[in-house]
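Trainee: First, the structure itself, so that you have it in front of you.
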Amino acid sequence: MRIVTGGFSHESNSLNPIITGEDDFVVSRGGEITGLSVFSRHSSAGIIQTLIRAGADVVPTVLARAVPNGVVSRTFYETLKNELLDRARRALAEGPVHGVCLALHGSMKVEGGLCAEGDLCLALREIFPAVPFTAALDMHATVTPDLLRTVDAFAGYKTAPHTDSFETGVLAAEMLRESLTGGKKLYTARVQIPMMIAGEKSETAAEPMASLIAACKELEKPAADRPAMLAASLLLGFPWADCEYNAVTVLVSAFEENSDTADREARKLAEEFWRRRGEFSFRTEHYNSKESMAAAYKAVLEKGERPVFVSDSGDNPTAGAAGDATELLEEILATPEQADRLPTPLLYSGFYDEPAAAACLKAGEGAELDITLGGNWDRLNGRKIPLRVKVKKIAPGFGPYHSDLALVSCRNILISITSKHIGFGDEKLLPALGINAADYCLVAVKLGYLEPCFRSIAARAIMATSRGCSNEVLETIPYRKVRRPIYPLDKDMEWHA
Ligand SMILES: [Zn+2]
């Protein structure tokens, strides 16, 4: 069997004014994708390794990935899509293609509001009208009519924070393989629930997601009254994009002969999800920025807790926010004498600020200079804060996106700055600046829930519900396109699957 694969991965935050372009993406092509799959834990690697092990001839096309950010440049998206389609057409010209299996995020949006994955899959379907087509999706996928019309079966992540990307790819590839070897058609039951949820309220280690995900896993095993479903997924959507398709989607993929069971089980899952809607809540203690800093100083200075983490959750680049909103920084700078009292510097990781990073790199380690921090992009929630800083450390060309890094100090505050929009969840970022976060008593970080590398060392985690493009209080976001009624914007609404 010969299978076409590839995919796009981007979570596009339509509240963020940055246009994500070519420089922000890492693009692999053809055999390069197969080579990368040996070391990667991405869903694409799960797909390719599974298909190769099954003896398939894999035809990799284009795999494009970028850190969540603002919507994607229309020109660049069209270029990527056309290249992927060209490679798919060439594969077909060279011999029969028996199936398509893609690694997608599901919430990539293009300038003008286009939902990228549905558009891409629709175009691929025109090239391959009759072969089985499966896809791996992020848990925060926004499932559109185009996606449902074109893809036969879906597998979504079952963990948040996401640790099962690879396994999700394996499942997407397995469904395709089973369909082809057994000669059975694929089917997906779908129920959309009019509901939006912030990621920070839906971690899978906590209720109600823990038991809802357990129910999905049960469905993938056979039971006395029904056969095993191929994949049961809860796709939560992405609330920081203003899109008419925002919803929670339950997808149960099965062989077509089991479509009635899939429909029934998808409805049951959706009813249960809706019944428990009131239980989705923040897992960590949370306050506004001012109260968060007060609680953090008290924890360190009076209770001796360390390290205490404060998430600047309204400006979380891993949820596509700009990374240059300044509410929390302004709060810290309003009472610098509090930071001065800390036994170690207050570590703030950090800011996406290209001009500030460039100025620090140019000045060099040890130099003192005047910079402004923040407010280049998110001018609604940030302004350029003038600071006199000392450059403590620089690290050019960090990581797969080749971002320059700088670490600067200002009184008893240390701040990391990136020249590219790469976020602050990468466990290698601070070590590249010679910093071990565990050595600091108070760490502010532009994240929502803490990534495992920080959670494992945090004596206490506080979430600041700060202002920014990933504002956690969805009720305060001025949506224009989201279909109403939708929970929790319309709290008293009724709904049945
Ligand atoms: Zn996600």
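FYI, it's all coordinate maths here, none of it is from the lab. Treat the numbers as computed from the prediction; the structure is a model and nothing was measured. All Cβ positions, glycine included, derive from the backbone under ideal geometry; neighbour counts span all protein chains shown.
Trainee: Taking amide hydrogens as modeled 1.01 Å from N in the peptide plane, which residues meet the under 5 Å criterion relative to LYS109, leaving out close sequence neighbours?
Mentor: Excluding prolines and chain starts, which carry no amide H, the hits are SER12, VAL72, ALA116.
Trainee: Using the Karplus curve 6.51 cos²θ - 1.76 cosθ + 1.60 with θ = phi - 60°, what ³J(HN,Hα) values do you get for each residue of segment 68-84, in whole Hz, with x for Gly and Pro?
Mentor: x, 5, x, 4, 8, 4, 4, 4, 5, 4, 4, 4, 4, 4, 5, 5, 4
Trainee: Helix 116-127 versus the longest principal axis of the chain: what is the Cα-based angle in degrees, 0 to 90, to the nearest 10?
Mentor: For 116-127 against the chain, the angle is about 30 degrees.
Trainee: May I ask you to list the lysines whose Cα is less than 17 Å away from that of LYS298, ignoring any residue fewer than eight positions away on the same chain?
Mentor: LYS290
Trainee: For segment 403-419 and segment 85-152, what is the separation of their Cα centres, given in Å?
Mentor: So the two Cα centres are separated by 41 Å.
Trainee: When you count, for each residue, the other Cβ atoms within 10 Å and take the mean per peptide, how do 388-395, 2-9 rank with the highest first? Please list the in-between numbers first.
Mentor: Working: 388-395: 18.8, 2-9: 25.4.
Ranked from most to least packed, the peptides come out as 2-9, 388-395.
Trainee: Let me spell out the model: positive unit charges on the Cβ of Lys and Arg, negative unit charges on the Cβ of Asp and Glu, origin at the Cα centre of segment 109-215. What dipole size does that give, in debye rounded to 20?
Mentor: Working: 9 positive and 14 negative charges, 79 e Å.
Result for segment 109-215 is approximately 380 debye, rounded to the nearest 20.
Trainee: If you fit an axis through the alpha-carbon atoms of helix 259-275 and take the longest principal axis of the Cα set of the chain, what angle between them do you get, 0 to 90°, nearest 10?
Mentor: 30 degrees
Trainee: Under 1.5 on a/c is rounded, so check that first for segment 2-279, then, if it is not, pick prolate when a/b is larger than b/c and oblate when it is not; a ≥ b ≥ c are the square roots of the alpha carbon gyration tensor eigenvalues. Before the final figure, lay out each step's value.
Mentor: Details: a/c = 1.69, a/b = 1.12, b/c = 1.51.
Verdict is oblate for segment 2-279.
Trainee: In a shell of Cβ-Cβ distance under 10 Å around TYR348, excluding TYR348 itself, what net charge do Lys and Arg (+1) and Asp and Glu (-1) give? Could you put the intermediate results ahead of the total?
Mentor: On the way: positive: LYS446; negative: ASP312.
Spelling it out: positives minus negatives among the neighbours equals 0.
Trainee: Right, another one. Taking 0.36 nm per residue of separation and subtracting the Cα-Cα distance, what length does fully extending SER259 through ALA432 add? Mind showing how you got there, number by number?
Mentor: Values: separation 173, 0.36 × 173 = 62.28 nm, distance 5.15 nm.
Stretched out fully, the SER259 to ALA432 stretch lengthens by 57.1 nm.
Trainee: In addition: Please give the charge dipole size of segment 2-279, origin at the Cα centre, charges +1 on K and R Cβ atoms and -1 on D and E Cβ atoms. Round to the nearest 20 debye.
Mentor: Numbers: 28 positive and 37 negative charges, 93 e Å.
Taking the Cα centre of segment 2-279 as origin, the dipole is about 440 debye.
Trainee: Which order do the peptides 334-342, 140-148 take when ranked by the mean count of other beta-carbon atoms within 10 Å per residue, highest first?
Mentor: Working: 334-342: 14.2, 140-148: 23.0.
Peptide ranking by packing, descending: 140-148, 334-342.
Trainee: Taking amide hydrogens as modeled 1.01 Å from N in the peptide plane, which residues meet the under 5 Å criterion relative to HIS286, leaving out close sequence neighbours?
Mentor: Excluding prolines and chain starts, which carry no amide H, the hits are MET463.
Trainee: Scaled to the compact-protein estimate 2.2 N^0.38 Å, what is the alpha-carbon radius of gyration of the chain, rounded to two decimal places? Can you show the working numbers first?
Mentor: Numbers: Rg = 23.1 Å, N = 497, 2.2 N^0.38 = 23.3 Å.
My calculation over the Cα atoms of the chain gives 0.99.
Trainee: Order 21-31, 117-127 from most to least packed using the mean count of other Cβ atoms within 10 Å.
Mentor: Working: 21-31: 15.7, 117-127: 19.2.
Ranked from most to least packed, the peptides come out as 117-127, 21-31.
Trainee: Can you compute the charge dipole magnitude of the chain about its Cα centre, using +1 on each Lys and Arg Cβ and -1 on each Asp and Glu Cβ, nothing else charged? Give it in debye, rounded to the nearest 20.
Mentor: Values: 54 positive and 65 negative charges, 43 e Å.
That gives a dipole near 200 debye.
Trainee: Also, quick follow-up: Could you tell me the calculated FRET efficiency between THR159 and GLU368, based on Cβ-Cβ distance and R0 = 51 angstrom, to the nearest 0.05?
Mentor: Working: r = 45 Å, r/R0 = 0.88.
Computed FRET efficiency for THR159 and GLU368: 0.70.
Trainee: From the cross-link list LYS384/LYS428; LYS201/LYS481; LYS109/LYS393; LYS384/LYS420, which pairs have alpha carbons spaced over 25 Å apart?
Mentor: Values: LYS384/LYS428 28 Å; LYS201/LYS481 23 Å; LYS109/LYS393 36 Å; LYS384/LYS420 17 Å.
Result: LYS384/LYS428; LYS109/LYS393 exceed 25 Å.
Trainee: Amide H of LEU414: which non-local residues (sequence gap of 5 or more, or other chain) have their own amide H closer than 5 Å, using H built in the peptide plane?
Mentor: Here LEU346, LEU347, TYR348 satisfy the definition.
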